[in-house]
Amino acid sequence: MSIRSLLSFGLLAAPLVSALPAADYKSTSCSTSTSHSTSHSTSHSTSHSSTHTSTHTSTSTHTSAHSSSATSAIVTTTTSSASNTVQTTTLVATATGKKGLDTYAKKAGKLYFGTAADVPGTNETTDKYYRAELANNADWGSVTPANAMKWVFTEPEQGVFNYTEAELFLAAANPDGKRKVRCHNLNWYNQLPNWVTSGTWTNETLTAVLINHVTHLVEYFGDRCYAWDVVNEALSDSGTGNLADNSTWRSDIWYNTIGPNYVAVAFKAAEAAVKANKLKVKLYYNDYNIESAGNKATAAQALVKSLKDAGIQIDGAGLQSHFIVGSTPSRAAQTANMNAFAALGVDVAITELDIRTTVPATAAAQQQQVVDYASSVGACADVDACVGVTAWDFDDAYSWIPSTFPGQGYGDLFFQPGGYGTPLVRKAAYDGCIQVSRLCFRLSRCNADMCIIGSHQLDVFVGDMTSCQKPSKVKSMVRIDFWKNRKNRWICTRVVYQFRSNFFHIHQLLLPQCVKSPPSSFISDE
C-alpha cells in the first residue's frame, strides 16, 4: 500500500491530506462515531414470495456520474413518472481494481467477508447484474442463505424433508463449492410451517421434533456448511440479562413449551450429528442487539457460558449488526463487546450487517454511513477472535429493510441507479470497508517486530491512530520495507515508526541499494 494511500485514508492531519494528489481510495477515514444503542425488534427475513416493486413501463430513469468537490464521486439519478420527477444524489465508491472486500479481509487474517442472498425464488435470481456480483469472489468469500434453509422450506410437513430450495441456493451462490457457507438456521421462532405453530405439543413431543429437525439438516448438509446458526434470536429485547428471569427469554413456541432448556437441546442435537458424522462444522448462537454492552448482550454471554460450562459444543456468537446510521455502536464499544464473547472461549462473527437510514438518504447520512460501516468492520479487525463479516445481502433493490421499516432503507453496499436489471454501483460505504481492511486491519495486527505498512519516499508526517490499535508496549520500530515500483523493480526503504500516545510518526528514507528479491518474510500488500 502506498503512503499516498495511507494519507488519503483520512488518518492524517487535514492540511497534509489536502496538499497531496488524490489516491485510489479517498472517500473516508476509519475513525468512528460515538456509541449509541440501536433497536431491532422486527423480523428481518425476506420471503421467497417477495417481488421487486419497481414498474418499468410507467417510469423512466436517467443516471449520470461525475466527481464531486468533496472526495467521493457521486451518481445523480432522475426518476420520472406521469405525476412527478424525483432526483437523488448518491455518494459512490472510488475503489478500483480487481481486489475486493474478501481479498483484503483474508490479507488481514480474517477467514472471509461474505454476503447473504435470497436465491432462488426472487428477482435476484433473474437479475444478471446481481448474479454477476454474487459470483464475485473478490468481494464474497462466504455466502449465507437468507431463507432457503429455514424450517418452513426444509421440513414443510412433519418428518418430510425438502432440500430443493437449499440446493438451488448452493448451486447459485457456491457453484464450485470453494466458498464458506454459513448455514442459517436450525431453530427460530419465525418462518415455521403451520404444522409446528398450530400443533398441540408437550415438552417431550416438541423436543423430539426439534432434535429430529436439527439432526436431519446437520447430517444432510454435512461439511458443505462451514457453520450453522443453531439457535436464532432466543432472547427478549426487554430482559434483565439474567437467564433465570422469564423476561430475558423471547416468548415463543419453543420457550413456552420446552422452557429455556430448548437451546441446550438444539445444540446437543447439532453436536451429536457433528460427532457422529465426523464433521468440522462450527455451531453458533445468533442474535441482534447483542453487538454492544447491554442487558441482551449480557444474557447472550451468559447463555454461551452456560453451554460451555455444561460441556456442550458452541463455537461462536453471531452478532447480527442491523444498525441505524448515526446510532451504530462505536468501534470501541463493538470491540469491547466482541472481546467479552471471545473471553468465553468462542469465536465471534458479524453475521447480518446492514446500516439503514431514512430515505432518500441525505448527503450527511451517506457520509455517516461510511463511518459506521468502517466502525463495524474495524471492530472485527481489532479482535482476533472475530473470524469475518457477512453483509445481509449487498443490493438495496433486494433489501428486507423497506418492507419492515417503512420510509427507511439505503442499508447495503450496492445499489442499482437504473432500477431492476441494471448495473450495480458500489456506494461510498464500500470504500469504508475496503479502507479499514487495508489499513486498520494491518495496524491492529502489529506486534513488537513489525507493522505492515507499504512504502514510498516521503518526509515526516503525523497520523491519527485513535481508530486503530497500536502495538502494545512498543514505542518505536525500525524495519526495512521492500516494494515494487511501477516498473516492477524492487525498492527498499528504512522506516522508523515512533508511537506517541494515539499518534505515530514515520521517518522514511529511500535506501541507495536493494536486494534483487525480497526476504522470505516479506508480506506484499499488492
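For ALA227, indicate whether it is over 12 Å from LEU186 (Cβ atoms) and among the small types (Gly, Ala, Ser).
So ALA227 does not fit the description; no.
For THR207, are the conditions met, namely being buried (at least 18 other Cβ atoms within 10 Å of the Cβ), within 23 Å of ALA349 (Cα to Cα) and touching a residue at least 40 places away in the same chain (Cβ under 8 Å)?
Criteria not met by THR207.
May I ask you to list the residues in the range 244-278 that are farther than 18 Å from VAL231 by Cβ and not charged (D, E, K, R)?
Those that are farther than 18 Å from VAL231 by Cβ and not charged (D, E, K, R): ALA244, SER247, ALA276, ASN277.
Identify all residues within the range 253-294 that are in a helix (DSSP H, G or I), surrounded by fewer than 18 Cβ atoms within 10 Å (Cβ to Cβ) and charged (D, E, K, R); write none if there are none.
Within the range 253-294, just LYS275 meets the criteria.
Which is farther than 30 Å from ALA138 by Cβ and either modelled with pLDDT of 95 or more or crowded, with 18+ Cβ neighbours inside 10 Å (or both), of VAL181, VAL231?
That would be VAL231, the only listed residue that is farther than 30 Å from ALA138 by Cβ and either modelled with pLDDT of 95 or more or crowded, with 18+ Cβ neighbours inside 10 Å (or both).
Could you check how many residues of the range 297-326 are in contact with a His (Cβ under 7 Å, 6 or more places away or on another chain) and surrounded by fewer than 18 Cβ atoms within 10 Å (Cβ to Cβ)?
Total satisfying the criteria: 0.
Just a yes or no: is a residue in the range 269-283 assigned by TED's automatic domain parsing to the domain that holds SER321 and without any contact (Cβ under 8 Å) to a residue 24 or more places away in the chain?
Of the range 269-283, the ones assigned by TED's automatic domain parsing to the domain that holds SER321 are 269-283.
Subset that is without any contact (Cβ under 8 Å) to a residue 24 or more places away in the chain: 275, 278.
Yes, the range 269-283 contains a residue that is assigned by TED's automatic domain parsing to the domain that holds SER321 and without any contact (Cβ under 8 Å) to a residue 24 or more places away in the chain.
Go through (1) under 18 Å from LEU235 (Cα atoms); (2) assigned to a strand (DSSP E or B); (3) aliphatic (A, V, I, L, M) and name the single condition ILE355 misses.
Just one mismatch for ILE355, condition (1).
Counting only residues that are over 29 Å from TYR130 (Cα atoms), give me the helices (runs of 4 or more DSSP H) lying completely in the range 146-252 with at least 1 of them.
The helices (runs of 4 or more DSSP H) meeting that bar are 194-197, 203-221.
Residue under question is GLY159, and the condition is that it be surrounded by fewer than 19 Cβ atoms within 10 Å (Cβ to Cβ) and in the same structural domain as ILE211 (by TED's automatic domain parsing); does it hold?
yes
Do we have LYS128 as closer than 30 Å to VAL383 by Cβ and either in contact (Cβ under 8 Å) with a residue 12 or more places away in the chain or buried (at least 22 other Cβ atoms within 10 Å of the Cβ) (or both) here?
Taking the combined requirement at face value, the residue does not satisfy it.
Given the criteria under 24 Å from ALA317 (Cβ atoms), in the same structural domain as ALA227 (by TED's automatic domain parsing) and not acidic (Asp, Glu), does LYS180 qualify?
It is true that LYS180 is under 24 Å from ALA317 (Cβ atoms), in the same structural domain as ALA227 (by TED's automatic domain parsing) and not acidic (Asp, Glu).
The values are calculated or read from the model by the stated rules, or taken from the named source; none is laboratory data. Everything quoted here is computed from the prediction, not taken from an experiment. Using ideal geometry, Cβ is built from the backbone for each residue, glycine included, and neighbour counts are taken over all protein chains shown.
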